[in-house]
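The next block holds one structure in the form of structure tokens; read it before the comments.
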Amino acid sequence: MSEKYIVTGGAGFIGVNFIYSLLKKDSATQILNIDKLTYAGNPNSLTFASQHQGYRFLKADIIDEKLIFNALDEFKPTKIVHFAAESHVDRSIDGPDAFVRTNIMGTYNLLKLAFRYFDALTGSQKDRFRFLHVSTDEVFGSLGKQGFFTEDSRYAPNSPYSASKAASDHLTRAWHKTYGFPLLTTNCSNNYGPYQFPEKLIPVILLNALEGKPVPIYGDGSNIRDWLYVEDHCEAIQTVINKGKTGETYNIGGANEMSNLRLAETLLTLLDEIRPKKKGSYLDLISFVKDRPGHDMRYAISIDKIKKELGWQPKESFLSGIKKTIHWYLEHEGWVKGILSGEYKIGRLGLGEALKNVLKR
Ligand SMILES: NC(=O)c1ccc[n+]([C@@H]2O[C@H](COP(=O)([O-])OP(=O)(O)OC[C@H]3O[C@@H](n4cnc5c(N)ncnc54)[C@H](O)[C@@H]3O)[C@@H](O)[C@H]2O)c1
């Protein structure tokens, strides 16, 4: 029997890729995508899904009790995957309100109503139900030169974004421990790939370079991130929801640690080969800008648990994944233009000035 998935935030970067991966695996999967369509949600990314009979879209805020209650009762999911969130660290520095509202209160509302729905199930319906909460490795804070985040690392979030995600992780944990809700949580490193909104590091580098604009690197570019190709993340989520043990958390990463500067240099060098500039190299566009306040120095993640217990590991190397990503953006100029011709403009966020101005009033 095919699954019935509720996917929250399925019009965003990872959600779109996840829906795509579900339909690719089993085109008979039924999916209800619940998304508020904030600036980050893009219906143009979902044209492939709309052609599937089992796909439905509901424009709703996860904090809306009535709409979520009705959606659960009518659709009757066998699985829920919760992506919906405010996700950009720089925006959380300028305006934390939306992060607290969606990531904490919205997740709380979803847990509360989903548990009520689950509690009324019986027999095999109850046994097969799962709720997977998608989270980030940023909840663990910042690492020094050595070591890796594991599932047992101490929570030490540093930005309003990671603090709000940490709060949602704690609520998720409590709903399992207190109510026996069959939950799983994944904490993943930085994703990249098709459909990523142009404000995130890799699309910013790529799109600025193609337009001949400066490529901004925060501070001296030495901050280190682990990078995972989004399709690998989607497969890991499917693995965890199907094979993972309820109540457990699983770290997901790409084993691709890299400084932001090296990342930019690698990407721009590849771009020189794939779409050469008329004169000079894209590398000449690198421009160092003021650092992000509270910028975490290093993230690195151990994937030993998911590898040993569930048999998942990433398929893409950074080089193969970034080449696919470059080609995807070059072949989807219309998708990018659709965003850049709207209200969104690529620009510097996250210096905290916007929040200071609100507090002064
Ligand atoms: N992007 C990454 O590198 C990364 C890494 C680890 C974990 N995550 C987590 O994965 C999830 C998805 O990330 P993403 O990069 O796809 O984010 P995104 O910003 O691209 O998409 C978020 C989606 O959620 C929707 N949304 C926002 N608020 C909502 C609300 N109140 N109700 C309903 N829908 C709402 C938006 O419209 C959008 O479609 C997030 O929970 C994020 O914390 C992301």
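With an 8 Å Cα cut-off and a minimum separation of 6 or more residues, compute the relative contact order for the chain in percent. Don't skip to the answer; put the middle values down first.
Numbers: 644 pairs, mean separation 66.2, N = 361.
Relative contact order for the chain comes out at 18 percent.
How much of the accessible area of the chain, in percent, comes from carbon and sulfur atoms when a 1.4 Å probe is used?
Working: 8410 of 16150 Å².
Percent of accessible area from carbon and sulfur atoms in the chain: 52.
Ignoring aspartates and glutamates fewer than eight residues from LYS200 along the same chain, the ones with Cα atoms less than 14 angstrom from its Cα are GLU86, ASP90. As a test of the formula, what do you get for the chain when each DSSP H run with n ≥ 4 contributes -39,500 (n - 2.57) and the sum is divided by the residue count, at 222 nm and rounded to the nearest 500 deg cm²/dmol? It lands at -12000 deg cm²/dmol. Here LYS76 sits with roughly 110 square angstrom of accessible surface, probe radius 1.4 Å.
Ranked by solvent-accessible area (1.4 Å probe, protein heavy atoms only, all chains present), the residues MET297, MET1 order from largest to smallest as MET1, MET297. All other residues whose Cβ lies under 11 angstrom from that of SER135 are scored, Lys and Arg at +1 and Asp and Glu at -1, for a net of -1.
Run the numbers for ALA28 and GLU331: contour at 0.36 nm per residue of separation, minus the present Cα-Cα distance, in nm.
This chain segment gains 106.2 nm when fully extended.
Between helix 230-243 and the chain, what is the angle of the helix's C-alpha long axis to the longest principal axis, kept within 0 to 90° and rounded to the nearest 10? Relative to the chain, helix 230-243 is tipped by roughly 20 degrees. Once the chain from THR269 to GLU309 is taken as fully extended at 0.36 nm per residue, the excess over their C-alpha distance is 10.6 nm. The angle between the Cα long axis of helix 65-75 and the longest principal axis of the Cα atoms of the chain comes to about 70 degrees, rounded to the nearest 10.
Label-to-label distance for HIS170 and ARG56 is 3.6 nm, based on points extended 7 Å past Cα in the beta-carbon direction. Please identify which residues in region 101-143 have an amide N closer than 11 Å to a label point set 7 Å out from the Cα of THR178, following the Cα→Cβ vector. Under cut-off, by backbone N: 112. Just tell me which lysines come within less than 26 Å, Cα to Cα, of LYS307; anything on the same chain fewer than 8 places away is out. Within the straight-line cut-off, LYS307 pairs with LYS24, LYS25, LYS79, LYS145, LYS165, LYS177, LYS243, LYS245, LYS315, LYS323, LYS324. Bridges between two residues of the chain, per DSSP, are antiparallel at a rate of about 10%.
Each residue of region 200-215 is assigned a 3J(HN,Hα), and the resulting list reads 8, 3, 5, x, 4, 4, 5, 6, 4, 4, 4, 8, x, 8, x, 9 Hz, derived from the Karplus form 6.51 cos²θ - 1.76 cosθ + 1.60 (θ = phi - 60°), x at Gly and Pro.
Leaving ligands and nucleic acids out of the surface, order ARG128, ARG101 by accessible area at 1.4 Å, largest first.
ARG101, ARG128
Per-residue Karplus couplings for region 299-306, computed as 6.51 cos²θ - 1.76 cosθ + 1.60 with θ equal to phi - 60°, are listed in order as 10, 8, 10, 8, 10, 4, 5, 5 Hz, Gly and Pro entered as x. With a simple spin-label model that places each label point 7 Å from the Cα along the Cα-to-Cβ direction, the separation between THR122 and ASP284 comes to 7.5 nm.
The values are calculated or read from the model by the stated rules, or taken from the named source; none is laboratory data. The shown structure was predicted, so the numbers you read here are calculated from the model rather than taken from an experiment. No Cβ is skipped: glycine too gets one built from the backbone with ideal geometry, and neighbour counts run over all protein chains shown. Please note that ligands, DNA and RNA were not included when accessible areas were found on the heavy atoms of the full protein model with its side chains. Shrake-Rupley method; radii C 1.70, N 1.55, O 1.52, S 1.80 Å.
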